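I have placed the structure first, in the form of structure tokens, so that the comments after it can refer back to it.
The values are calculated or read from the model by the stated rules, or taken from the named source; none is laboratory data. Keep in mind that what you see is a predicted model, and the values were worked out from it rather than measured. Here the Cβ is made from the backbone with ideal geometry for all residues, glycine too, and neighbour counts use every protein chain on show. Side chains are part of the model used for accessible areas, which takes the heavy atoms of the whole protein and leaves out ligands, DNA and RNA. Shrake-Rupley method; radii C 1.70, N 1.55, O 1.52, S 1.80 Å.
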Amino acid sequence: MEDVVVVNHPLVQHKLTQCRRLETETWQFRGLVEEITALLLFEAVRDMDTVEVDIVTPVGPCKGTVISKAEPVFVAVLRAGLGMVPGALKLFPYARAGHIGLYRDHDTHVPVEYYNNLPPDINDVDCFLLEPMLATGGSAVHALTLLKQAGVQNIRLLSLIAAPEGIKAITASHPDVKIYLASIDEKLNEKAYIVPGLGDAGDRLFGTA
Ligand code: URA
């Protein structure tokens, strides 16, 4: 699965473990999600195109390296994807962000779209879809389809935790999308929660349960 990258860095794994803990409080969870997102993104942009530039330091001329492409775009799947935006913007403060609102029908678990607001002119950007929990993969599959319909050609998916079912759904529908994760967990339960997972990421981010 070369298009599925599990970032096994000790810092990522340490922070993910803190996230999973039942006793981790909302404010701590929020900070951890932000930090893990930045660390996943660090890995996901490893192959970004760069260009050599001539600059001057206070001591003298120097060759430098800068990222050559226009700014990336981060697209959060509401609501839990919102928790990943600050971490992404910390690394790319000048990036634009879009939002796709989907909720899972409680009975069918099928994603239902209620909001779609993407920045203009995004055909040629590096786009990162932010969806912390890849459970059935239904929401991410739907969001990726919307991004492609908007003309986006280069998309990567950042998630904290995936179930094998979610990965299968993405690779079947969007084999061109590379996935960056902190963990692939065991399975889904009967309510389509990831086991062992971390619970409902949205509730844990916003203190709503
Ligand atoms: N969404 C979550 O927030 N948690 C899960 O385990 C599955 C979907």
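Odds and ends about this structure:
Residues are listed down the side, and each one gets a yes or a no for (1) open to solvent by less than 50 Å² (accessible area, probe 1.4 Å); (2) within 26 Å of Asp176 (Cα to Cα):
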{"site": "Cys19", "(1), (2)": "yes, no"}
{"site": "Thr26", "(1), (2)": "yes, no"}
{"site": "Gly31", "(1), (2)": "yes, no"}
{"site": "Leu40", "(1), (2)": "yes, yes"}
{"site": "Arg46", "(1), (2)": "no, yes"}
{"site": "Ile55", "(1), (2)": "no, no"}
{"site": "Gly64", "(1), (2)": "yes, no"}
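- Qualifying residues in the range 120-136 (those that are assigned to a loop (DSSP other than H, G, I, E, B) and buried (at least 24 other Cβ atoms within 10 Å of the Cβ)) - the one farthest from the ligand (Cβ to nearest atom): Glu131
- Taking the criterion of being part of a loop (DSSP other than H, G, I, E, B) and within 16 Å of the ligand (Cβ to nearest atom), the residues of the range 66-112 that qualify are Arg79, Asp105, His106, Asp107, Thr108, His109, Val110.
- Subset of the range 139-166 (residues that are open to solvent by 10 Å² or more (accessible area, probe 1.4 Å) and out of contact with any helix residue (DSSP H, G or I) (no Cβ under 7 Å at 6 or more places or on another chain)): Ser139, His142, Thr145, Leu146, Lys148, Gln149, Ala150, Gly151, Gln153, Asn154, Pro164, Glu165
- Of all residues in the range 170-198, exactly one satisfies the criterion of being within 13 Å of the ligand (Cβ to nearest atom), within 17 Å of the chain's Cα centre (by Cα) and without any contact (Cβ under 8 Å) to a residue 60 or more places away in the chain, namely Asp185.
- Residue match in the range 173-194 (condition: at pLDDT 95 or above and part of a helix (DSSP H, G or I)): yes
- Test: residue in the range 156-164 that is more than 20 Å from Met84 (Cα to Cα), in a strand (DSSP E or B), at pLDDT 95 or above and within 10 Å of the ligand (Cβ to nearest atom): no
- Selection count, the range 70-112, where residues are modelled with pLDDT of 95 or more and of a type in the set (Val, Ile, Thr): 5
- If you filter the range 67-117 down to residues that are of a type in the set (Val, Ile, Thr) and surrounded by fewer than 16 Cβ atoms within 10 Å (Cβ to Cβ), you find that the one that is farthest from Glu35 (Cα to Cα) is Thr108.
- In the range 141-153, the condition of being away from the ligand (no atom under 13 Å from the Cβ) and assigned to a strand (DSSP E or B) is met by no residue.
- Test result for Leu205, open to solvent by less than 10 Å² (accessible area, probe 1.4 Å), out of contact with any helix residue (DSSP H, G or I) (no Cβ under 9 Å at 6 or more places or on another chain) and not in a strand (DSSP E or B): no
- Filtered residue count, the range 167-197, keeping only those that are touching a helix residue (DSSP H, G or I) at 6+ places or on another chain (Cβ under 6 Å) and open to solvent by 50 Å² or more (accessible area, probe 1.4 Å): 1
- Selection status of Gln149, modelled with pLDDT under 95 and of a type outside the set (A, V, I, L, M): no
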